[in-house]
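The values are calculated or read from the model by the stated rules, or taken from the named source; none is laboratory data. Owing to the predicted nature of the structure, the values given are computational and were not obtained by experimental measurement. Cβ sites come from the backbone with ideal geometry, for glycine too, and all protein chains shown count toward neighbours. Note: areas computed on protein heavy atoms with side chains; ligands, DNA, RNA excluded. Shrake-Rupley method; radii C 1.70, N 1.55, O 1.52, S 1.80 Å.
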Amino acid sequence: MRLNIKDIEKIIDHDWLSWSRKSQLIELYFNKIRSNQVRDVQDRIIEILNDRCSLLRTNRLFLYRCYDTDAITLETEEYENDNRALISYDTFQSDYFICEDCDEVSNLDNREWISTSERQVCYSCFESSYRYCDDCDTSCHANEDCNCDHYDEEEESDDNLKAYNYRVK
């Protein structure tokens, strides 16, 4: 397959290809065919395409290098990691999430699950607004009850078992 910049421009701009097919061809062109070229050459090709392609100029599509994988990607939105660097959608889905409290992007390693409200929050939001209950093994908001039954273990043991030194009369 022999593609040049004009072919890639046509692929990006014309409606006769679906977005997924466009994405596959961009992946093939940059990450397979031109993978052996210097990074500066690839970045210059992206600059040229961003100037020439109307779908890229009008921000209906985005062509950029993924920071995490160092691969060129064509996306319908721009995705950022927790350091505000551009990443691909696939990388975002597999490695990051959006905190439901602060709406910031965080790495999955910093995710805490709030079981009472079924929310995922970042570690800093968890530390400031939530607590973990060891008794019932759940997380909840700091102002809420965790809904576990706090009981006195001695009272319950008296209900169904006698003390170890009890003698039958």
Size descriptor, Kirkwood hydrodynamic radius, that averages inverse alpha-carbon separations across segment 9-144, Å: 17.2
Leaving out ligands and nucleic acids, and using a 1.4 Å probe, what accessible area per residue does the chain come to in Å²? 70
Interchain or sequence-distant (5+) residues whose placed amide H lies within less than 5 Å of the amide H of T138 are C133
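Pulled fully out, how much extra length does the chain show between K32 and A85, if you take 0.36 nm times their separation in residues and subtract their Cα-Cα distance?
16.8 nm
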Roll a 1.4 angstrom probe over the protein heavy atoms and tell me the percent of accessible area of segment 1-118 that is carbon or sulfur. 43
Work from the charge dipole of segment 1-121 (Cβ charges, +1 for Lys and Arg, -1 for Asp and Glu, about the Cα centre) and give the residue of I5, I45, Y79 farthest towards its positive end. I5
Once Rh for segment 70-136 is found with the Kirkwood sum over Cα pairs, what is the Stokes-Einstein diffusion coefficient at 10 °C and 1.306 mPa s, in µm²/s? 121
With a cut-off of at most 14 other beta carbons within 10 Å, and DSSP calling the residue loop, which chymotrypsin sites (Phe, Trp or Tyr not before Pro) in segment 1-98 qualify? Please list them. W16
Directionally averaged shadow of segment 1-64, computed from the convex hull of its alpha-carbon atoms, nm²: 4.1
Segment 48-151: relative contact order in percent, alpha carbon pairs under 8 Å with at least 6 residues between: 13
